[in-house]
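What follows is a set of notes on a single structure, which appears directly below.
Throughout, read-outs are computed from the coordinates displayed, never taken from laboratory work. Everything numeric in this text was worked out from a predicted model, so none of it was measured. Please note: Cβ atoms are built from the backbone with ideal geometry, for glycine as well, and neighbour counts cover all protein chains shown.
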Amino acid sequence: AQKVTQAQTEISVVEKEDVTLDCVYETRDTTYYLFWYKQPPSGELVFLIRRNSFDEQNEISGRYSWNFQKSTSSFNFTITASQVVDSAVYFCALSYNQAGTALIFGKGTTLSVSS
Amino acid sequence: GAVVSQHPSWVICKSGTSVKIECRSLDFQATTMFWYRQFPKQSLMLMATSNEGSKATYEQGVEKDKFLINHASLTLSTLTVTSAHPEDSSFYICSASKFSYGYTFGSGTRLTVV
């Protein structure tokens, strides 16, 4: 069975601090895809990144970076120099397909960034 | 990019009435559509998976007679909450998927049953 664990329920930081959101996954499939989504108070899910199981390269996009480690089944997300606009709920998700099978979501981490 | 339109954004209905939520992929034909429900401060829970022209597959614990899903075309899926009760109040969000597009989510529908 597939499972995604986001152990951090809530994180509070002050602006300009760096923050890492943890994501640990379980799957027996050798091919799978990992995702991160941001859900601001409006409720809409904002896609951040998709990674397949064969690509362990870390990725950086502006202030966002992701660290994928198959050895520890983790796909952690770091926000550098956090801003108030980063305040949201962040979900990590897993699928064994690019499309066609449902995403399995973690419980989410609520990030609060204060000024 | 891929866009999924979900309507209405919010709806208030009286207990016992039915509510229909539409999920439409605007610029691609979705192979599969998914419906999720999210209670406050909780994660997204998959309700059902639907493929065009076939019956939806419901997750365990989801009443298929209460949550009717119709996927009549490759661009439209509807979720009808029948005989809604206050405990059905929730945030419902759809997702459309296609191999080359991945997953695209609608903006969600906030349902309040009074």
>> Suppose every Lys and Arg Cβ carries +1 and every Asp and Glu Cβ carries -1, with no other charges. What dipole size does the range B:27-112 come out with about its Cα centre, to the nearest 20 debye?
In response: 120
>> Could you identify which residue out of A:Ile104, A:Ile60, A:Ile79 has the top mean-square fluctuation in a GNM of chain A using Cα springs shorter than 10 Å?
In response: A:Ile60
>> Only Cα pairs within less than 10 Å get springs; with that Gaussian network setup on chain A, which residue of A:Gln57, A:Gln83, A:Gln69 has the largest fluctuation?
In response: A:Gln57
> Quick one: length gained pulling A:Val24 to A:Tyr64 fully straight, 0.36 nm per residue minus the C-alpha distance?
Replying inline: 12.6 nm
> So, counting K/R as plus one and D/E as minus one, what does the shell of residues with Cβ under 9 Å around B:Phe91 add up to?
Replying inline: +2
>> Quick check for me: using +1 on Lys/Arg Cβ and -1 on Asp/Glu Cβ, what's the dipole size of the protein assembly as shown about its Cα centre, in debye to the nearest 20?
In response: 420
>> With +1 on the Cβ of every Lys and Arg and -1 on the Cβ of every Asp and Glu, and nothing else charged, how large is the dipole of the range A:38-115 about its Cα centre, in debye rounded to the nearest 20?
In response: 100
>> Of A:Ser82, A:Val24, A:Gln98, which is farthest towards the positive pole of chain A's charge dipole, taken about the Cα centre with +1 and -1 on the beta-carbons of Lys, Arg and Asp, Glu respectively?
In response: A:Gln98
